[in-house]
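Input: a single structure, listed below in C-alpha cells.
The values are calculated or read from the model by the stated rules, or taken from the named source; none is laboratory data. Just so you know, these numbers come straight off a predicted model, no measurement behind them. Note that we place each Cβ from the backbone using ideal geometry, even for glycine, and neighbour counts take in every protein chain shown.
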Amino acid sequence: MPVILIYAILGLAGVAIGYVAPKILASTKKQKNQKDANLILENAKKEKEKILSEARNEALKIKDDARTREEEKNKYFQETESSLRTKENYLQQKEQDLKEKVDAEEKIKKELEEIKNQTQKLREEEETRLQEVAGLKKDKAKEMLFRAVEKDYGDDLLKMIREKEEEAREDGDKIAQKILASTLSRLAQDFTAGHTVSAVAIPNDEMKGRIIGREGRNIQTFERLAGVDLIIDDTPEVVTVSSFDPVRREIARMALEQLIKDGRIHPARIEALLKKAEEDVAKQVKEAGEHALYDLGISGVNSDLVKLLGRLKFRTSFGQNVLQHSIEVARIASMLAEELKANVLVAKMAGIFHDIGKAVDHEVPGSHAAIGKDILKKYGISDDVIAAVVAHHEEVEPKTAEDWIIITSDMVSGARPGARREATEEFIKRVKELENIAVSFPGVEKAYAIQAGREVRVFVQPEEISDYEAKKLAKNIAQKIEHDLKYPGEIKVVAIRETRTQEIAH
C-alpha cells in the first residue's frame, strides 16, 4: 500500500511538471522576444535621428549654395545693367550728334536750292533779253552761239571739259571719303584677335603633378582625347593649353578647369568632362549665331544656318575673329547702303553671311565664297544676297550696288591696322593640311597636329589595322607629308592603336 501511494504521488508530480514546464518556457521566450524588439526599436530610433540630422545639414548646405548663386546673379545683373546704361548714354549722344549733322546738311541743301533757283531765273532773263536784241528764237540763237564759240574757242572748251571731268572725279572721291568717314564714325565694334594658347590657373603647383598623373597617364589621356598640347612648365600656378584649332582649345580649357575644380583627375573622369565640354561649346555656337542675328535685326533664318554662323566664333582668318569681322562688315554695309540709297537688308545679310563658307571650308573643297553660295542656296537665302556673297572677293564680276558695298565693307574691316596676321593664317593652313593628309589614309579614325605642327598623332581603328600595319601606316603618312608639304625642320608621325575591352558586373 505505501508503495502504490508513492507511485501515485510520483505520477501526479509528473503530470504537474508536464503542465507547468511549457508555460515557464513560453514566458521566458516571450521576455526574450520583448527584449529583442525593444533593442530593434531603439536602433531604429537612433538611425532615424541620424538620417534627419544629415538631411537637415544637406538642406542647409543647399540653401547656402542657392543664396550664394543668387548673390552672384544679382551682381552680374547689376554689372550688366550698368554697362547697358553706359552704352545707352553713348548711343543717345551719337544720335544727338547725328541729328545736328543732318540738320546742318539740310540747311546747306536749302541754301543751295535757293541759289540754284536764283541762277536759273537770271539765266532765263538774260536769254529773253538776248532774243529781244537779236530778233531770233531761243533755239536758233543757242545754235548760232554754240557754233561761234566752238569755232573760236574749241581748244579752250576741250580743256575746260577735261578740267570739269577731273574736278568731278575728285569731287566723287571726296564724296566717297565723306560717306565712308560718316559710316565708320557711327560704328563701334570691339575685336578680339585669335590666339593659339589658353592659360588655365591652378590653385598650387602640386596640382601639376596630379594633372600629369602616374607615369604621365592623365596628361597623355587628356592630350589624346582633346587633340591639344598641355604645356606644364616652371610658370607658377598656370597650365597652358595649346592648339591651332580654337574649338578644340576651348573644349580642352573648359574641361581642364572643371577637372581642377572637381579634384578627381583620372582617365574616366577626363573623358566624361571632355564630352560635357563638347556639348557646352555646341550650345555656345548656337547662342553666338542667334545673338549676332538678333543684334543686327535679322530674323527668319534657318536654325541650321544659325549654327553654322555661330561656328565662326571659333574661326580666325589672318588672326581676325571671323564672326566679329562678319558682324562689322554687316554693320558697315548697312550704313553704306543707307547713304547710297541701296537695299539695306540685302547688304546687311550679305555682310553677315559673306564668310559663311569658312565654317566648313576645311571639310568641303573650293573657295569659301563658292562654298558659301551652296550653303545659302540650300537654306533659301535670296539670289541678291547670294550674288553679293559670291562677288565679295571679285571671283565673279560685281554687278549691283550691293555687290560693291560688300566688297568695300570687307576691305574696310580687314584694312584696320593690326586686324589681320597673315603668318597665323598660313600656320593654321599648314597644320590643318597635316591632319587632312593623315585622315586620308584608310583605317585612320582621327588625327591631331600638336607641338605647333611638329608632331601628328594618328589614332587607327584596331579592328582594321594591326600593330605591324600601324607602323607601316606611320611611314606612309610621313612620306606623303614630305611629298605634299613644305615645312621647316622635322615632323614626327605617331600612330596609336588602342583596344578597349568592356564587361559589366551584374
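Scan the range 291-333 residue by residue and report those that are under 18 Å from residue 383 (Cα atoms) and small (Gly, Ala, Ser).
Once the filter is applied, which keeps residues that are under 18 Å from residue 383 (Cα atoms) and small (Gly, Ala, Ser), the range 291-333 yields 299, 300, 330, 333.
Of 441, 459, which residue is at pLDDT 90 or above and either crowded, with 20+ Cβ neighbours inside 10 Å or in the same structural domain as residue 340 (by TED's automatic domain parsing) (or both)?
Details: 441 fails: either crowded, with 20+ Cβ neighbours inside 10 Å or in the same structural domain as residue 340 (by TED's automatic domain parsing) (or both).
Unique residue meeting the criteria: 459.
Of the numbered conditions (1) free of Cβ contacts under 8 Å to residues at least 12 places away in the same chain; (2) among the β-branched types (Val, Ile, Thr); (3) under 18 Å from residue 397 (Cα atoms), residue 364 fails exactly one; give the number of that condition.
(3)
Kindly check whether there is at least one residue in the range 247-270 that is part of a helix (DSSP H, G or I), under 23 Å from residue 500 (Cβ atoms), outside the structural domain of residue 453 (by TED's automatic domain parsing) and β-branched (Val, Ile, Thr).
Yes, some residue in the range 247-270 is part of a helix (DSSP H, G or I), under 23 Å from residue 500 (Cβ atoms), outside the structural domain of residue 453 (by TED's automatic domain parsing) and β-branched (Val, Ile, Thr).
Conditions first: (1) in contact with a Ser or Thr (Cβ under 9 Å, 6 or more places away or on another chain); (2) closer than 18 Å to residue 250 by Cβ; (3) at pLDDT 85 or above. Residue 330 passes all but one, so which condition is the exception?
(2)
Scanning the range 393-426 for residues that are closer than 18 Å to residue 334 by Cα and within 23 Å of the chain's Cα centre (by Cα), which turns out modelled with the lowest pLDDT?
414
Given the conditions (1) surrounded by fewer than 19 Cβ atoms within 10 Å (Cβ to Cβ); (2) touching a residue at least 12 places away in the same chain (Cβ under 8 Å), which single one is not true for residue 347?
(1)
If you go through the range 443-467, how many residues are in a strand (DSSP E or B) and touching a Gly at 6+ places or on another chain (Cβ under 7 Å)?
2
Tally time: how many residues in the range 375-417 are surrounded by 15 or more Cβ atoms within 10 Å (Cβ to Cβ) and in a helix (DSSP H, G or I)?
Here the count works out to 22.
Out of the range 481-493, which residues are surrounded by fewer than 15 Cβ atoms within 10 Å (Cβ to Cβ) and not in a loop (DSSP other than H, G, I, E, B)?
Residues satisfying the conditions are 482, 483, 484, 492.
Has the range 303-310 got at least one residue that is at positive phi and loosely packed, with under 15 Cβ neighbours inside 10 Å?
No.
Of the conditions (1) in contact with a Ser or Thr (Cβ under 7 Å, 6 or more places away or on another chain); (2) buried (at least 19 other Cβ atoms within 10 Å of the Cβ); (3) over 30 Å from residue 401 (Cβ atoms), residue 352 fails just one. Which one is it?
Here residue 352 clears every test but (3).
Give all pairs with beta carbons closer than 7 Å in which a residue from the range 86-102 that is assigned to a helix (DSSP H, G or I) meets a residue that is surrounded by fewer than 11 Cβ atoms within 10 Å (Cβ to Cβ); count only pairs at least 6 apart in sequence or on separate chains.
none
Tally the residues that are under 22 Å from residue 344 (Cα atoms) and either in contact (Cβ under 8 Å) with a residue 12 or more places away in the chain or in contact with an Asp or Glu (Cβ under 7 Å, 6 or more places away or on another chain) (or both), restricting the search to the range 298-323.
Going through the range 298-323 one residue at a time, the tally reaches 8.
If you check residue 108 against the conditions, is it in a helix (DSSP H, G or I), among the aliphatic types (A, V, I, L, M), under 25 Å from residue 338 (Cβ atoms) and not assigned by TED's automatic domain parsing to the domain that holds residue 339? Steps first, answer last, please.
Numbers: in a helix (DSSP H, G or I): yes; among the aliphatic types (A, V, I, L, M): yes; under 25 Å from residue 338 (Cβ atoms): yes; not assigned by TED's automatic domain parsing to the domain that holds residue 339: yes.
Yes; evaluated as a whole, the condition is true for this residue.
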